[in-house]
Amino acid sequence: MSETFVIPAMGWLPDYPDIRDVTFQSERVPSKLQALGQPSVKQMLAKVGATTSAPAALPASVDLRPWCSPIEDQKNIGSCTAHAGVGLVEYFERRAFGKHLDASRLFLYKVTRNLLHWTGDTGAFLRSTMYALTLFGVPPEEY
């Protein structure tokens, strides 16, 4: 008898458009910048000389594994954005201070959902998770 395993998935919730999505490669400029006479991001950067610098020489590869925390299983909770946010915090704690912080993924997930005024378990926006992280921080898992 063969068994079928179903892995629950929430899918990706795309963030709403934001001015922070504009990069130096963006061709389209938000209407507020167009109203100020800025036809493109590339032209804005050229005005201040930000496009003339040479790219930095980078190594072919870098191994960041020594600073990464162990992979965690979110089980059937839609908390992937909280796992990503906490993974960043844990990485930088190890990289900057040499200490491992086992941060609370569930705390970050719940405060993100509270910020969105959402109930249930339907995931969250990554940008909202990063906002919750900067607003509330993240406590250690033990608490």
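At a glance:
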read-out: Gaussian network model of the chain, springs between alpha carbon atoms under 10 Å - residue of T52, T23, T112 with greatest fluctuation; value: T52
read-out: E93, E27, E141 arranged by Cβ crowding within 10 Å, fewest neighbours leading; value: E27, E141, E93
read-out: Placed amide H near A103: partners under 5 Å, 5+ positions off or other chain; value: E141
read-out: Dipole axis of the chain (+1 Lys, Arg; -1 Asp, Glu on Cβ), positive-most option in A54, L106, L133; value: A54
read-out: Euclidean distance of C-alpha centroids, the range 76-91 and the range 98-129, integer Å; value: 8
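No value in this document is a laboratory result; all are computed from the given coordinates. Worth saying up front: this structure is predicted, and the values here are computed from it rather than measured. For neighbour counting, all protein chains shown are included, and Cβ atoms are generated from backbone atoms with ideal geometry for every residue, glycine included.
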